[in-house]
Amino acid sequence: MDFNLDQTIYQFNDEEDFTIGNACEGVQIFGGIGSGKTSGSGEALARAFLRSGFGGLVLCAKKDVLDDWKRYARETGRAEQLLIFDGSGNFVFPFLQYEIEREGEGAGYTDNLVRLFTTIYEAIDRSSKSEGSDPYWERAMQQLLRNTIDLCMIARGTVSVPLIHDVILSAPISLAQIDTDEWKNKSLCWKLLLEGYGKDLNKWTRHDFDSTASFWLEEYPNLADKTRSSILSTLTTMMDIFLRRPFRMLFSEMPEDRRKIAYPELTHRGVVIVLNLPVKEFGEAGRAAQVVYKYLWQQAVERRATTNQTVPVFLWVDEAQNFVTEYDMQFQATARSTRACTVYLTQNLPNYYAVMGGTQSKYRVDSLMGNLQTKIWHANSDPMTNEQAAEVIGRSWQIRQTSGESYGADFFNMSSGSNESFDYDVPPQSFTKLRKGGALNDRVVEAIIFQNGRIWSNEKTHLVAKFKQYGA
Ligand SMILES: Nc1ncnc2c1ncn2[C@@H]1O[C@H](COP(=O)(O)OP(=O)(O)OP(=O)(O)O)[C@@H](O)[C@H]1O
Ligand SMILES: [Mg+2]
């Protein structure tokens, strides 16, 4: 099958083409609660992706996402390719082991794993970001992780969340402690150091091991207590997620039967993976797990070689404020060449600003928004979102009828006149008047659509599109 970028997979209002290329350039859907994002434009595009044979990854913030996707898949003949990853353990994903095996011998796994943890940390600890993270502290945390991973890999040839956790918790907290038999007898960290010493290592690995050993036996015990305990508590909070049920089974342990592993690469063959670990139900753990999976999936997509036969894959993120990370911008930048179609749905811009905190927040959100080229705005009462939408669509000379009801206008005898001004093509308040679907609106949802540089057949830079709600 061919998947040319200029192939049309959907038409807005049955006449305006939406191509694979458009899909790869990313879609951002905004709209207030109950404005028809999910059941209007969202469902229309989701069905188009499925009908066209795309593979994909669906993240779940709410419980009903799975039922929606089961229905879409059934009705587009794709039910067979739906892979439901949930708390049952039918599928698992031991992400650290996956990352190590993927890299093979001698590759830069340590840095990748440290970056992976940084991404999880970014997603679950939004609050500390908003205060502006302290680079010293972040570096200290990364250094601790790097040395833990190196120690595990050199001594045991593997790494897992439980192993990392136990090494960190058994590390010496003072120089005096290192000389005590009590510590030596029960410390896993010490045990791994001895195992490493005993190994016949090549010159470079020996060098790595020596610096790891001096970190654990000199640097770490000398850290200020306050620094050490705050790094420790952040790391253990993060690890705890993957040590508790059902997440330990789902993400930390290697299954006996490897066919149970939900490899991200399955989507490249047209599988649609639904991560049914809704944040509403599983909380932070559900969010962290989905962020890890999304990150590794994004990297897997970036590694694939593409031609016109490559099956496009989509990333579907409703309530996207839960899952957005800095890496998304980097991913989106190469999405066209990797045939990756990202669709983000959220109520409004402040949702993003709230989670992508810190002094860089504006830059981060703007950059992400700039990279999602198709913008779909549904009914909204959020002024910031509406003003930005009006601004993005742009201004031109507008002829506005002046109102005959105004006393002032009557007085100056201008009641039937019109005046010309340079103003918004779509003023911010227009977004409060779009139809939101439901029985009251004959199940019709409206939205205003914009694509950078595109003039629609109405010769304008924006399009008012209608979507019919299918329903269960
Ligand atoms: N198939 C359907 N038929 C009729 N009405 C529907 C259907 N699906 C949803 N609705 C109604 O249409 C409106 C829009 O719903 P939808 O869930 O798409 O909004 P949303 O923008 O995704 O909201 P939220 O931000 O809460 O996720 C709601 O009032 C909903 O009850
Ligand atoms: Mg919704």
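The values are calculated or read from the model by the stated rules, or taken from the named source; none is laboratory data. Note that this is a predicted model, so its numbers are computed, not measured. Every residue, glycine as well, gets a Cβ built from its backbone with ideal geometry; the counts of neighbours run over all protein chains shown. When the accessible area is computed, the model is the full protein with side chains, heavy atoms only, and any ligands, DNA or RNA have been set aside. Shrake-Rupley method; radii C 1.70, N 1.55, O 1.52, S 1.80 Å.
Here are a few things to note about the model shown:
- A search for C-beta distances below 9 Å between a residue of the stretch 293-316 that is farther than 25 Å from LEU277 by Cβ and any residue that is small (Gly, Ala, Ser) and open to solvent by 30 Å² or more (accessible area, probe 1.4 Å), counting only pairs 6+ apart in sequence or on different chains, returns THR306/SER337.
- Restricting attention to the stretch 17-30, the residues being open to solvent by 10 Å² or more (accessible area, probe 1.4 Å) and in contact (Cβ under 8 Å) with a residue 40 or more places away in the chain number 2.
- Of all residues in the stretch 438-469 being touching a helix residue (DSSP H, G or I) at 6+ places or on another chain (Cβ under 6 Å) and within 14 Å of ligand 1 (Cβ to nearest atom), the one that is most open to solvent (accessible area, probe 1.4 Å): GLN469
- Condition met for ASP6 (within 16 Å of ligand 1 (Cβ to nearest atom) and free of Cβ contacts under 8 Å to residues at least 60 places away in the same chain): no
- In the stretch 76-95, the residues that are farther than 24 Å from VAL159 by Cα form Cβ pairs under 6 Å with partners that are open to solvent by 60 Å² or more (accessible area, probe 1.4 Å) and modelled with pLDDT of 95 or more, at six or more places apart or across chains, as follows: THR76/ARG51.
- Within the stretch 255-265, the presence of a residue that is crowded, with 21+ Cβ neighbours inside 10 Å, outside any loop (DSSP other than H, G, I, E, B) and touching a strand residue (DSSP E or B) at 6+ places or on another chain (Cβ under 6 Å) is excluded.
- Among (1) crowded, with 21+ Cβ neighbours inside 10 Å; (2) among the hydrophobic types (A, V, I, L, M, F, W, C); (3) within 15 Å of ligand 1 (Cβ to nearest atom), the one test that ILE33 misses: (1)
- Of the helices (runs of 4 or more DSSP H) that lie entirely inside the stretch 1-118, those containing 3 or more residues that are within 30 Å of GLU387 (Cα to Cα) and within 16 Å of ligand 2 (Cβ to nearest atom) span 43-51.
- Lone qualifier among SER52, SER39 - being more than 21 Å from ARG339 (Cβ to Cβ) and either within 16 Å of ligand 1 (Cβ to nearest atom) or open to solvent by 10 Å² or more (accessible area, probe 1.4 Å) (or both): SER39
- Test set (1) at pLDDT below 95; (2) out of contact with any Leu (no Cβ under 7 Å at 6 or more places or on another chain) - SER211 fails condition number: (1)
For (1) modelled with pLDDT of 90 or more; (2) among the basic types (Lys, Arg); (3) away from ligand 1 (no atom under 16 Å from the Cβ), each residue gets a yes or a no:
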{"site": "ASN351", "(1), (2), (3)": "yes, no, no"}
{"site": "THR359", "(1), (2), (3)": "no, no, yes"}
{"site": "ARG364", "(1), (2), (3)": "no, yes, yes"}
{"site": "LEU372", "(1), (2), (3)": "yes, no, yes"}
{"site": "ALA379", "(1), (2), (3)": "yes, no, no"}
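- Options SER35, SER52: the member that is under 14 Å from LEU345 (Cβ atoms) and touching a residue at least 60 places away in the same chain (Cβ under 8 Å): SER35
- In the stretch 212-224, the residues that are within 35 Å of the chain's Cα centre (by Cα) and either in a helix (DSSP H, G or I) or acidic (Asp, Glu) (or both): THR212, PHE215, TRP216, TYR220
- Set VAL313, VAL392, VAL355, VAL291: member being out of contact with any Gly (no Cβ under 7 Å at 6 or more places or on another chain) and open to solvent by less than 10 Å² (accessible area, probe 1.4 Å): VAL291
- Some residue of the stretch 127-148 being of a type in the set (Lys, Arg), open to solvent by 20 Å² or more (accessible area, probe 1.4 Å) and over 26 Å from the mean Cα position of the chain (by Cα): no
- Contacts under 6 angstrom Cβ, first residue in the stretch 446-472 being part of a loop (DSSP other than H, G, I, E, B), partner within 16 Å of ligand 2 (Cβ to nearest atom) and open to solvent by less than 70 Å² (accessible area, probe 1.4 Å), 6 or more apart: GLN469/SER39; GLN469/GLY437
- Residue satisfying all of: in the stretch 293-327; within 16 Å of ligand 2 (Cβ to nearest atom) and not hydrophobic (A, V, I, L, M, F, W, C); nearest to GLU43 (Cα to Cα) among these: ASP318
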